[in-house]
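Engineer: Questions regarding the structure given below will be posed in turn.
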Ligand code: PMP
């Protein structure tokens, strides 16, 4: 079963190796180390349609590009294209498809062609943009379970970088949660403290303060998580980064999952124990509302976080 909506029919062009091509013409070698050995790093961005301004705004493009840079660095790729080139690829792909709705962008950089596990080139890249509305769980929330799988360790397969290889661990946890009928998983790290979920970070509230595991807890350095830490105070919500123990999940007054895909998605229970009264909490709602204003370009204080696509 495939849970991602198939929007191929709406995609006119993708970009591969910095050229626009029809989706069906984008190809990768079956001997590519990016495929067999997971020598691939990627980024996922959202672009939000603003009806009043008749423009699409890419959210925190620069921050995603900074993460891409250190992901590529760790893979020791041979002379990958510059961030400027990738930015142009994204803008060109969005424009070529003329999307006028919320869109998800995936940029992938990988070792292509014919090579061994240690090959560092030739480097290929791709950009695909597709319509992606907000997840319905944004309003209702979901129940999560603590996975029996541990988050891949910093000294094994570093979760800090957005590498395809890390998503084996995510897949194991995600499939296990699904078999159990849960809406999502939370992974503990090798120290046994809370890290994150298969595709998003976590905030839990205790004593009125939202706590999120710190960047040495075995997490991806999430752009959404950082964004929330930066704007929450302006929405009247207190946050802190620190190590989180498993039992704190069960004591949480509110909780949410966050990431580019999920944005801010309420968590209503952990392991069958309700968070608060089992409904999305008021501070979570406040953050969602403030976040929505920011990403839609309705809060001028954060306009720097938006990259216009059509009226640049
Ligand atoms: N953790 C993991 C493992 C992820 O895949 C994602 C999604 N990119 C996140 C966290 C959230 O990161 P971001 O806010 O940058 O999308």
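Engineer: Given only helices, namely DSSP H runs of n ≥ 4 each adding -39500 (n - 2.57), what is the per-residue ellipticity at 222 nm of the chain, to the nearest 500 deg cm²/dmol?
Structural biologist: Taking each H run of at least 4 residues, the total per residue is -7500 deg cm²/dmol.
Engineer: What do you get when you divide the Cα radius of gyration of the chain by 2.2 N^0.38 Å, with N the number of residues? Walk me through the numbers before you get to the answer.
Structural biologist: Numbers: Rg = 19.3 Å, N = 312, 2.2 N^0.38 = 19.5 Å.
Working it through for the chain, the quotient is 0.99.
Engineer: Applying a 10 Å radius around every beta-carbon, put 50-61, 242-253 in order of their mean neighbour count, most first.
Structural biologist: 50-61, 242-253
Engineer: Can you give the three extents of the C-alpha atoms in segment 196-241 along their principal axes, from longest to shortest, in whole Å?
Structural biologist: 28, 20, 16
Engineer: Something else about it: By DSSP, what percent of the beta bridges with both residues in the chain are antiparallel, rounded to the nearest 5? All intermediate terms of the calculation are to be shown ahead of the outcome.
Structural biologist: Values: 45 of 55 bridges.
So the antiparallel bridges in the chain amount to around 80 percent.
Engineer: Next up: Once you have a ≥ b ≥ c as the square roots of the Cα gyration tensor eigenvalues for segment 64-199, tell me rounded if a/c is under 1.5, and otherwise prolate or oblate according to whether a/b is larger than b/c.
Structural biologist: Judged from the Cα gyration tensor, segment 64-199 comes out oblate (a/c at least 1.5, b/c at or above a/b).
Engineer: Here's something else I'd like to know. Cβ neighbours within 10 Å, averaged per peptide: list 72-78, 113-119 in order, most packed at the top. Before the final figure, lay out each step's value.
Structural biologist: Details: 72-78: 15.6, 113-119: 13.7.
Ranked from most to least packed, the peptides come out as 72-78, 113-119.
Engineer: Let me ask another. Which value results for Rg/Rh of segment 8-131 when Rg is the Cα radius of gyration and Rh the Kirkwood radius based on the inverse mean 1/r?
Structural biologist: Taking Rg over the Kirkwood Rh, I get 0.99.
Engineer: Can you give me the C-alpha center-to-center distance between segment 31-100 and segment 151-212, rounded to a whole angstrom?
Structural biologist: The two parts, judged by their Cα centres, are 23 Å apart.
Engineer: I would also like to ask the following. When you have a sec, figure out the Kirkwood radius of segment 157-312 from all distinct Cα pair distances and drop it here in Å to one decimal?
Structural biologist: Kirkwood hydrodynamic radius for segment 157-312: 16.2 Å.
Engineer: Which of 96, 24, 177 moves most in a GNM of the chain, Cα contacts under 10 Å?
Structural biologist: Taking springs between Cα atoms under 10 Å, the residue moving most is 24.
Engineer: Now for a different question. With a cut-off of 8 Å between alpha carbons and a minimum separation of six or more residues, what is the relative contact order of the chain in percent?
Structural biologist: Reported as a whole number, the value is 19 percent.
Engineer: Using just the alpha carbons, could you tell me how many Å³ per residue the convex hull of segment 20-82 encloses?
Structural biologist: 133
Engineer: If you don't mind, another one. Name the residues of segment 112-128 whose amide N is less than 12 Å from a point 7 angstrom out from the Cα of residue 29 along the C-beta direction?
Structural biologist: 112-117, 119-124
Engineer: Within 10 Å, count the other beta carbons around each residue, average over each peptide in 225-234, 85-94, and list them highest first. Don't skip to the end; give the middle numbers.
Structural biologist: Working: 225-234: 17.6, 85-94: 19.5.
My ranking of the peptides, most packed first, is 85-94, 225-234.
Engineer: Label points 7 Å out from Cα along the Cβ direction at residue 18 and residue 50: separation in nm?
Structural biologist: For the pair residue 18/residue 50, the computed spacing is 3.0 nm.
Engineer: Show log10 I(q)/I(0) for segment 72-147 at q = 0.17, 0.23, 0.25 Å⁻¹, two decimals, from a solvent-free Debye sum over equal Cα scatterers.
Structural biologist: -0.81, -0.99, -1.09
Engineer: Is the shape of segment 148-206 best called rounded, prolate or oblate, per the rule: a/c under 1.5 gives rounded, else a/b larger than b/c gives prolate, else oblate, with a ≥ b ≥ c the square roots of the Cα gyration tensor eigenvalues?
Structural biologist: oblate
Engineer: Also, I was wondering about something else. Note the angle between two axes, namely the Cα long axis of helix 282-295 and the longest principal axis of the Cα atoms of the chain, as a number of degrees from 0 to 90, rounded to the nearest 10.
Structural biologist: The angle comes out at about 20 degrees.
Quick note: the coordinates plus some simple rules give every number you see, no bench work behind them. Since the model is a prediction, treat every value here as computed from it, not as a measurement. Note: ideal-geometry Cβ built from the backbone for every residue, glycine included; neighbour counts use all protein chains shown.
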